[in-house]
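The values are calculated or read from the model by the stated rules, or taken from the named source; none is laboratory data. Predicted, not measured: the structure shown is a model, and the values here were computed from it. Every residue, glycine among them, receives a Cβ derived from its backbone with ideal geometry; neighbour counts consider all protein chains shown.
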Amino acid sequence: MSATLPQDVLEMVYRYVEQDPHQISRARQGFYRLCLVSRVFCHVGRRFLYRKPLFGRRLTPQALFQLAETLRANQRYLGKLVINLSGADTACKRLSLTEETLGPTSFQFRGFSKAFSWQLYILSSCLNCRKVTAAYSAETELKKLVRLASTSLPDLRHIRLVDSSSGRDAIRAPVLLNNLQILTQIPSLEITNTGLEEPLSKQDPQLALNLQKLSIVDPEASLSSLFSFFPIDTSRLTNLALQYCAASEPDLLELVSLAPQLVKLSLKSSFFNPDNHLLWQYATDVEGLRIPTKFFAQLPNIVRLELGGLAALSVWRLQLLAKHSPRIRHLSAEDCVWLRDEGASVIFPTNDLAEVFPTFKRLKYAHLGTIPLAYSDTAVQSLKKASKKMRAKLAFEFADDVCPNCGRHHL
């Protein structure tokens, strides 16, 4: 009977296992292997496996080489199945650690290492790819990557570029910006390590791309310096994720003025140390980490707001957010501390919060960060009742909710 199952049913079963959040990685890998030896699932299993051949998988150097050669040899079929090459950067780094022991390969690119050549080889074999994560460690490698992406991958929708160099060898920001200009067809760009040593001047290049999504991870850069990587025209930018060191309040206000149409915004600071338990109360002395009150009144289209490592929330800030962001559904302030509104009592205002939350029209999830209350405090009951009445999921951490094993706060 199983052999007569129609193709769409087999795909439904496979997709369920692939996307089921309760399936642990080991069980999912076992199911993948079973599909490749099952006559019933072989065709659909192979098609789904090659769709994301590197995602969530740790392959040996020999297996990575075999994958590249198989994709090239069967480019018309297997190569066309690949739409996601997330993990190519990790695989490239793994190969670079065994560079001298790899032996001869069939795809050595002149002037490049075997590891980087593998990355180029596999990218050029998957012409239908829509999502790529790639690593580079020199300007020549960066140029080769962006040229290949712009000329050989017409369906590419997202690229993440990871600078794997370090120290003096890091690619400088003007060089990186200049090379990115060629990616005109890509609506989503993610950059790890910008090479910013100081804010760029007006003579330096600006990003002339029509981006809808931009993500920048640079734990050592200030927020204002990251503005250099914003596209000249931000009218299409609706999804922005930034990880930086610190930011002044004027810089945060400038951020939302540069892209007022944002639907998704994620801001995370690497400067905040959650192990400093003196900060797990109302925030004081948090210069460079405080979000100004006016910030929450300038996000009219926001649906998802994520804040991390910041002094972020207060009752008045939440009131402004509820009033000026009627579409918001997801609010997360994990690893954030609370600010006390001017003139407010030092007692945490749970009853006031219980009144504020119902004013959010569409809120489905809220993480309030670390609230300045002890774990045994029953004052949060009114807040829990309000969220339950809204049918919204509420999460937070108490100020003294510390793991006895590692001394950190856990959800």
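Consider LEU223 carefully, then state whether it is in contact with a helix residue (DSSP H, G or I) (Cβ under 6 Å, 6 or more places away or on another chain), modelled with pLDDT of 95 or more and under 20 Å from THR293 (Cα atoms). It is false that LEU223 is in contact with a helix residue (DSSP H, G or I) (Cβ under 6 Å, 6 or more places away or on another chain), modelled with pLDDT of 95 or more and under 20 Å from THR293 (Cα atoms). Does ALA399 qualify as being touching a residue at least 24 places away in the same chain (Cβ under 8 Å) and in contact with a Pro (Cβ under 8 Å, 6 or more places away or on another chain)? The answer is yes for ALA399. Condition test on SER257, is it out of contact with any helix residue (DSSP H, G or I) (no Cβ under 7 Å at 6 or more places or on another chain) and either of a type in the set (Ser, Thr, Tyr) or surrounded by fewer than 20 Cβ atoms within 10 Å (Cβ to Cβ) (or both)? In short, yes.
Taking the stated definitions as given, is ARG329 of a type outside the set (A, V, I, L, M, F, W, C) and within 28 Å of the chain's Cα centre (by Cα)? Answer is yes for this residue.
Restricting to the range 304-322, name every residue that is over 16 Å from PRO260 (Cα atoms), more than 19 Å from the chain's Cα centre (by Cα) and not hydroxyl-bearing (Ser, Thr, Tyr). Those that are over 16 Å from PRO260 (Cα atoms), more than 19 Å from the chain's Cα centre (by Cα) and not hydroxyl-bearing (Ser, Thr, Tyr): ALA311, ALA312, LEU313, VAL315, TRP316, ARG317, LEU318, GLN319, ALA322. When LEU211 is tested against (1) crowded, with 17+ Cβ neighbours inside 10 Å; (2) in contact with a Lys or Arg (Cβ under 6 Å, 6 or more places away or on another chain); (3) in a loop (DSSP other than H, G, I, E, B), just one condition goes unmet, and that condition is (2). In the set ALA134, ALA149, ALA170, only one residue is in contact with a Gly (Cβ under 7 Å, 6 or more places away or on another chain) and closer than 21 Å to LYS93 by Cβ; that residue is ALA170. Of all the residues that make up the range 74-92, how many are at pLDDT below 90 and either in a helix (DSSP H, G or I) or among the aromatic types (Phe, Trp, Tyr) (or both)? The number of residues fulfilling the criteria is 7.
So which of SER188, SER201, SER152 is modelled with pLDDT of 95 or more and either farther than 19 Å from SER96 by Cα or among the aromatic types (Phe, Trp, Tyr) (or both)?
None of the others qualify; the one that does is SER188.
Total residues in the range 146-157 satisfying the condition of being within 21 Å of the chain's Cα centre (by Cα) and in a helix (DSSP H, G or I): the figure is 2.
Out of curiosity, is ILE182 touching a Phe, Trp or Tyr at 6+ places or on another chain (Cβ under 8 Å), assigned to a loop (DSSP other than H, G, I, E, B) and under 23 Å from TRP118 (Cβ atoms)? So ILE182 does not fit the description; no. Considering every residue within the range 369-378, establish whether at least one is charged (D, E, K, R), out of contact with any Phe, Trp or Tyr (no Cβ under 9 Å at 6 or more places or on another chain) and farther than 22 Å from ALA241 by Cα. No, every residue in the range 369-378 fails to be charged (D, E, K, R), out of contact with any Phe, Trp or Tyr (no Cβ under 9 Å at 6 or more places or on another chain) and farther than 22 Å from ALA241 by Cα. Taken as a whole, the structure places GLY369 among residues that are touching a Cys at 6+ places or on another chain (Cβ under 7 Å) and not in a helix (DSSP H, G or I).
Here LEU95 meets the list (1) over 20 Å from THR192 (Cβ atoms); (2) touching a Pro at 6+ places or on another chain (Cβ under 6 Å) almost entirely, failing just condition (1).
For the range 376-407, filtering for residues that are at pLDDT 60 or above, more than 16 Å from PRO349 (Cα to Cα) and not aliphatic (A, V, I, L, M) leaves 7. Tell me yes or no: at least one residue of the range 342-349 is under 21 Å from PRO260 (Cβ atoms) and without any contact (Cβ under 8 Å) to a residue 60 or more places away in the chain. No, that holds for no residue.
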